[in-house]
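What follows is one structure encoded as structure tokens, with my remarks underneath.
Only the coordinates and a few stated rules stand behind these numbers; no lab work does. Here the structure is a predicted model, which is why all the values come from computation and not from measurement. As a convention, Cβ positions derive from the backbone with ideal geometry for all residues, glycine included, and neighbour counts pool all protein chains shown.
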Amino acid sequence: LGMDICRACAAFYKRAKMTGKEYPCRRGTHQCLITKDNNFVCRRCRFEKCNAVGLIYDGPMRVRAKPPIPLMEKIEKEFKSLMERRRSRELIFMRTCQHSGTIPHPREKIYIVNANASAELHMIGIEESWVFFRNTFQELDSLEQKEKEIIFKDYVAKLGLIACYYWTREIWGDVRKKLMSSVITCFDAEIPLDVYYPDDYGNKGAFESSIRSHNDEHSSIFLPQFNITQMTDKEFYALAALVLTEHDLPITEEAEQMMDAIRHETFENLQLYYQNELGISNFSTRLGNLMSLNHTVQECMSLYRVVFSFYSTFFDMYMSEEMMKTMLY
């Protein structure tokens, strides 16, 4: 170790270097007294004192590699974090915006907002989904920025679709007349559209017709398969990965390989979940229903390109604002 020292300190320093373990300071000051007669031994300060006096260990290293977090587990953690961030920001926004009231609910405070407020909440959702995307699928960070944005703009629309139905079921128990449009706001088909689209807006008739048509057609395609699937929370997290990998984007071979790896890991995680947690040996029906729902998401994307293009527009606005902040600050 480069000098004569006591056997205890030599063993401690060698063990710390070999394992690569990082100790916290017990007092948080990094100034703990380290002497042979001191019973209070802070391992962090002891290690730092060893470095300060010139100890060196150049033997073999045995750094412990942390086991990778399973993808579905990572998605669960990041999605819950996404929803909490959105909830916090939406509640702050609701204190300043002029909302149209609330919908009675036994546990939650659910708001009704007009089209303008809904657009602001939509922007919050896009911003926080970008954070979720980058934290969850970190392997995609090595791609060029433009390609990442192309993938995300396709993904965020699909994530928004499955999340609003999933969240509606969590809040209301089923998806019939109500559909959560954000974490704390809801569209209720039984409430007159005047509430969402006030009299001073133009093209009100066209708006009402398009909303009714979109909701009816959208529900007739997605809702039946959603109800058949009856997916668990873990299956929802898997679906959040699978919709990313199902696309018709003009991406590079490198990006496609990453998508294949994400799809492969998702199927592996699902198989373990079905066998170990649900105790199902023959899970072909459950997996088949989930894949059918995934294909239905793609069908909805194809039919409602105009509607889903709003996600892309909002994201472009967000990225422009971020670029301006970078330039100004």
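Partner lysines whose Cα lies under 17 Å from the Cα of Lys109, excluding those fewer than 8 positions away in the same chain, are identified as Lys178.
Other residues whose C-beta falls under 13 angstrom from the C-beta of Ile280 contribute a net charge of 0, scoring Lys and Arg +1 and Asp and Glu -1. Residue separation of Ser81 and Tyr23 scaled by 0.36 nm, minus their Cα-Cα distance, works out to 18.1 nm of gained length. Relative to one another, the C-alpha centroids of the stretch 81-132 and the stretch 231-299 are positioned 29 Å apart. Here the gap between Glu253 and Ile228, fully extended at 0.36 nm per residue and compared with their Cα-Cα distance, gives a gain of 5.5 nm. The label-point distance for Ile56 and His30, in a model that sets each label 7 Å from Cα toward Cβ, rounds to 2.3 nm.
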